[in-house]
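Undergrad: Please read through the structure below; I'll follow up with questions.
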Amino acid sequence: MNIKPLTPEASPRDAFGAELRRTREELGISQSQLAARAGYSPGHISAVETGRKPPTLPLARKFDQVLEAGKKFSNLFLDVRTSSLLRGFSHYMTFEAKAVEVRVFEIGIIPGLLQTSAYAAELVAASVGRGAITEAQGDERLQVLANRQKLLTREPVPPQLYVVLDESCIRRPVGGPEAMVAQLDRLLEVAALPNVTLQIAPYSMGASRSLDLPVHLLRLPDHSVAAYSEAAQEGLFERDPAAVHPLLSAYHHLQVEALTQAASRALISKVREELQ
């Protein structure tokens, strides 16, 4: 049988599925047997176990009952329900934390690694206000972001960080003028770090801009390259060279065509002055 490997670190949903498989196999129960005892189809049990479908609270309680697991799966369900992270992003973060080189392209917003706390809080408040996430999920996002930003000064050696921002990132107002000035100051501060290269892809690039969606690229200690991108409801972490290398080539092209770091810093300073 072809058994799909599980990645519990990828998301709370995947962690739920991995624990379900581990518990089921320890008890010597097949998916079909578990499905019959729980009153669900084998296909549904398989989808939950492999993270393709999220569990529900009634199903988690049924697993607790059938597998005599106390409240283990009910408690794991709470992690699934409250997590604000896209499926796949937790998996990406485990690799980002050990990357030797990080390349980021972003459109519309300042990428998380470079956000001030005020800028990040404005984005979270907007998401909470429109009902996209709860306040608890917003708090989780801010905590995760604060932990990720430690990457910039990681000891003993921080990764080399390359960032290309579409001009819309520095033009789009998030918060009031004061918050945006502080955010642009933060970009200039980070751009001065010896391990950071920051460039702006100006509007004038037009159709020559080689990427149309945000992307993160990681060079890992074993010299392999991984990529992460997002759709509306799901993140995709990719390590297959056939899928990653075209993105890396497009990123290199983008770096060549974008403004130099000196010109980028000058543009950021100009936009900052316009806000005062």
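The values are calculated or read from the model by the stated rules, or taken from the named source; none is laboratory data. Small disclaimer: the values here were computed from a predicted structure and weren't measured. Cβ atoms come from the backbone with ideal geometry, glycine included; neighbour counts cover every protein chain shown.
Undergrad: For the condition touching a residue at least 12 places away in the same chain (Cβ under 8 Å), part of a helix (DSSP H, G or I) and under 21 Å from residue 119 (Cβ atoms), what is the one hit in 174, 164, 144?
TA: One residue alone meets the criteria, 144.
Undergrad: Here's something else I'd like to know. Mind listing whichever residues of the range 246-263 are free of Cβ contacts under 8 Å to residues at least 12 places away in the same chain and of a type in the set (Gly, Ala, Ser)?
TA: Selection gives 249, 262.
Undergrad: Among (1) small (Gly, Ala, Ser); (2) surrounded by 20 or more Cβ atoms within 10 Å (Cβ to Cβ); (3) free of Cβ contacts under 8 Å to residues at least 40 places away in the same chain, there is one condition residue 41 misses while meeting the rest; what is its number?
TA: Here residue 41 clears every test but (2).
Undergrad: Kindly provide the set of residues from the range 213-239 that are acidic (Asp, Glu) and at pLDDT below 95, ordered by number.
TA: If the condition is that a residue be acidic (Asp, Glu) and at pLDDT below 95, then 230, 234, 238 are the ones that fit.
Undergrad: Being surrounded by 16 or more Cβ atoms within 10 Å (Cβ to Cβ) and among the basic types (Lys, Arg) is the filter here; which residues of the range 120-163 pass it?
TA: 141
Undergrad: Would you pick out the residues in the range 240-276 that are assigned to a helix (DSSP H, G or I) and among the polar types (S, T, N, Q)?
TA: 249, 255, 261, 264, 269 - these are the residues of the range 240-276 that are assigned to a helix (DSSP H, G or I) and among the polar types (S, T, N, Q).
Undergrad: Now for a separate question. Are there any pairs, at least 6 apart or on different chains, whose C-beta atoms fall under 8 Å, with the first in the range 20-33 and more than 14 Å from residue 8 (Cβ to Cβ) and the second among the hydrophobic types (A, V, I, L, M, F, W, C) and part of a helix (DSSP H, G or I), and if so, which?
TA: Between residues of the range 20-33 that are more than 14 Å from residue 8 (Cβ to Cβ) and residues that are among the hydrophobic types (A, V, I, L, M, F, W, C) and part of a helix (DSSP H, G or I), the close pairs are 24/34; 31/45.
Undergrad: Out of the residues in the range 92-118 that are surrounded by 21 or more Cβ atoms within 10 Å (Cβ to Cβ) and closer than 18 Å to residue 9 by Cβ, which is modelled with the highest pLDDT?
TA: Residue satisfying both the conditions and the ranking: 99.
Undergrad: A follow-up question, please. Taking the range 215-239, which residues are in a loop (DSSP other than H, G, I, E, B) and within 20 Å of residue 14 (Cα to Cα)?
TA: Of everything in the range 215-239, those that are in a loop (DSSP other than H, G, I, E, B) and within 20 Å of residue 14 (Cα to Cα) turn out to be 231, 232, 233, 234, 239.
Undergrad: Still on this structure, please answer the following. If we keep just the residues of the range 158-213 that are charged (D, E, K, R) and in contact with a Lys or Arg (Cβ under 8 Å, 6 or more places away or on another chain), which is nearest to residue 101 (Cα to Cα)? Give the steps one after another, and end with the answer.
TA: Kept after step one, since they are charged (D, E, K, R), are these residues of the range 158-213: 166-167, 171-172, 178, 185-186, 189, 209, 212.
Next, only the ones that are in contact with a Lys or Arg (Cβ under 8 Å, 6 or more places away or on another chain) stay: 166, 185.
On the way: 166: 20, 185: 24 Å.
The extreme case among them is 166.
Undergrad: Just to check your reading of the model, which residue among 266, 243 is exposed (fewer than 14 other Cβ atoms within 10 Å of the Cβ), without any contact (Cβ under 8 Å) to a residue 12 or more places away in the chain and not aromatic (Phe, Trp, Tyr)?
TA: Result of the check over 266, 243: 266.
Yes/no matrix, rows are residues, columns are (1) under 17 Å from residue 150 (Cα atoms); (2) buried (at least 20 other Cβ atoms within 10 Å of the Cβ); (3) within 20 Å of the chain's Cα centre (by Cα):
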position	(1), (2), (3)
165	no, yes, yes
178	no, no, no
186	yes, no, no
190	yes, no, no
200	no, yes, no
208	no, no, no
212	no, no, yes
218	yes, yes, yes
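Undergrad: Just need a number here: residues in the range 86-103 that are out of contact with any helix residue (DSSP H, G or I) (no Cβ under 7 Å at 6 or more places or on another chain) and outside any helix (DSSP H, G or I).
TA: The qualifying residues number 5.
Undergrad: Does residue 83 meet the test of being free of Cβ contacts under 8 Å to residues at least 24 places away in the same chain, within 29 Å of residue 140 (Cβ to Cβ) and among the small types (Gly, Ala, Ser)?
TA: Here the answer is no, as residue 83 does not meet what is asked.
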